[in-house]
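Undergrad: This structure is in structure tokens; I'll ask about it shortly.
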Amino acid sequence: DGGSEVLSLTLPAIITTDLRLNEPRYVTLPNIMKAKKKPLETLKPEDLGVDVAPRIKTLKVVEPPVRSAGIKVADVAALVDKLKNEAKVI
């Protein structure tokens with residue numbers, strides 16, 4: 001989580017994602033019962049005439065940098081002092 005991945009691929013290419021990428025979908029009991037009754041057809045890529053050769057080459061995968069632990073300050077004056085003198089942001 002939070003890392004980066006660099007990929008190389010030939011164009012034209014489409015890369016998509018969904019806002020609900022990490023949200024599970026919950027199945028209702030009636031739909032589970034309906035699914036049990038339906039026949040399951042198993043196909044191989046060759047049956048569909050699909051080329052499954054990988055077209056993506058991973059160049060590098062990098063973990064995010066390690067962050068130091070935060071600190072608690074006693075009051076606003078101490079916070080302002082640290083922001084001015086240590087972080088130099090104000």
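Undergrad: Identify, from the list 46, 41, 86, 63, the residue that is touching a residue at least 40 places away in the same chain (Cβ under 8 Å) and acidic (Asp, Glu).
TA: 63
Undergrad: Within the stretch 58-79, how many residues are within 30 Å of residue 11 (Cα to Cα) and surrounded by 10 or more Cβ atoms within 10 Å (Cβ to Cβ)?
TA: 2
Undergrad: Follow-up. Quickly run through the stretch 57-72 and pick out the residues that are more than 19 Å from residue 5 (Cα to Cα) and hydroxyl-bearing (Ser, Thr, Tyr).
TA: Answer for the stretch 57-72, where residues must be more than 19 Å from residue 5 (Cα to Cα) and hydroxyl-bearing (Ser, Thr, Tyr): just 68.
Undergrad: Given the structure, is residue 72 at pLDDT 90 or above and assigned to a loop (DSSP other than H, G, I, E, B)?
TA: Answer is yes for this residue.
Undergrad: Given (1) assigned to a helix (DSSP H, G or I); (2) charged (D, E, K, R); (3) loosely packed, with under 10 Cβ neighbours inside 10 Å, identify the lone condition not met by residue 82.
TA: The failed condition is (3).
Undergrad: Identify all residues within the stretch 33-68 that are under 28 Å from the mean Cα position of the chain (by Cα) and assigned to a helix (DSSP H, G or I); write none if there are none.
TA: Scanning the stretch 33-68 gives a single hit, 45.
The values are calculated or read from the model by the stated rules, or taken from the named source; none is laboratory data. These numbers were taken from a predicted model, which means no experiment stands behind them. Cβ coordinates were reconstructed from backbone atoms using ideal geometry, including for glycine residues, and neighbour counts include every protein chain displayed.
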